[in-house]
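Worksheet: one structure, shown below.
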Amino acid sequence: MIHWSFGLAWTAFALAVALHVADEANHDFLAVYNPNARVIRQRLHLPVPVFTFRSWLASLVLGVCVLLLLSPLAFRGTHWMRVAAWPLAILVGIGNALLHVGSSLLYRRKMAGVLTSPVLLVTGSWLLWSSLT
């Protein structure tokens, strides 16, 4: 049996993440992220990673490719895929989108990634909803 809703939601989410990565890359996300990561490391002694552009982009492209390669399993409605969708939808989709919008409001400027945040919010919500039905 094909699970169209979950499979389409998973694929749309993967494509939204790809679009979001392109948005962040084109608007110099690391120029904001890396200095903040260094401050958090120094003040709170937490192992927050600092990235080069190449390593950051390569890891995100790899992540998007994995999501897309798993799409056939999503169309089958595989149980572990539905469970894996929960943290992805909540953290990578909804939470990430809200952080971009919130930081843009806080700093009163468009932060890198805010333009595609609505797409990420919608597809993350759809993925979460479809994983639960």
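The values are calculated or read from the model by the stated rules, or taken from the named source; none is laboratory data. Not measured: the values here are computed from a predicted model. Cβ coordinates were reconstructed from backbone atoms using ideal geometry, including for glycine residues, and neighbour counts include every protein chain displayed.
Here is how the numbers come out for the structure above:
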quantity	calculated
Count - residues of the range 75-100 that are farther than 18 Å from Ala18 by Cα and touching a Ser or Thr at 6+ places or on another chain (Cβ under 7 Å)	2
Only one of Thr78, Thr11 that is among the β-branched types (Val, Ile, Thr) and over 14 Å from Ser125 (Cα atoms)	Thr78
Residues located in the range 73-109, provided they are in contact (Cβ under 8 Å) with a residue 12 or more places away in the chain and over 18 Å from the mean Cα position of the chain (by Cα)	Phe75, Arg76, Gly77
For His45: the one exception among (1) within 16 Å of Leu128 (Cα to Cα); (2) loosely packed, with under 12 Cβ neighbours inside 10 Å	(1)
Members of the range 20-34 that are part of a helix (DSSP H, G or I) and surrounded by 11 or more Cβ atoms within 10 Å (Cβ to Cβ)	His20, Val21, Ala22, Asp23, Glu24, Ala25, Asn26, Phe29, Leu30, Val32, Tyr33, Asn34
Residue among Asn26, Asn96 that alone is under 18 Å from Ser125 (Cβ atoms) and either at pLDDT 95 or above or not hydrophobic (A, V, I, L, M, F, W, C) (or both)	Asn96
Filtered residue count, the range 13-38, keeping only those that are in contact with a Gly (Cβ under 7 Å, 6 or more places away or on another chain) and acidic (Asp, Glu)	2
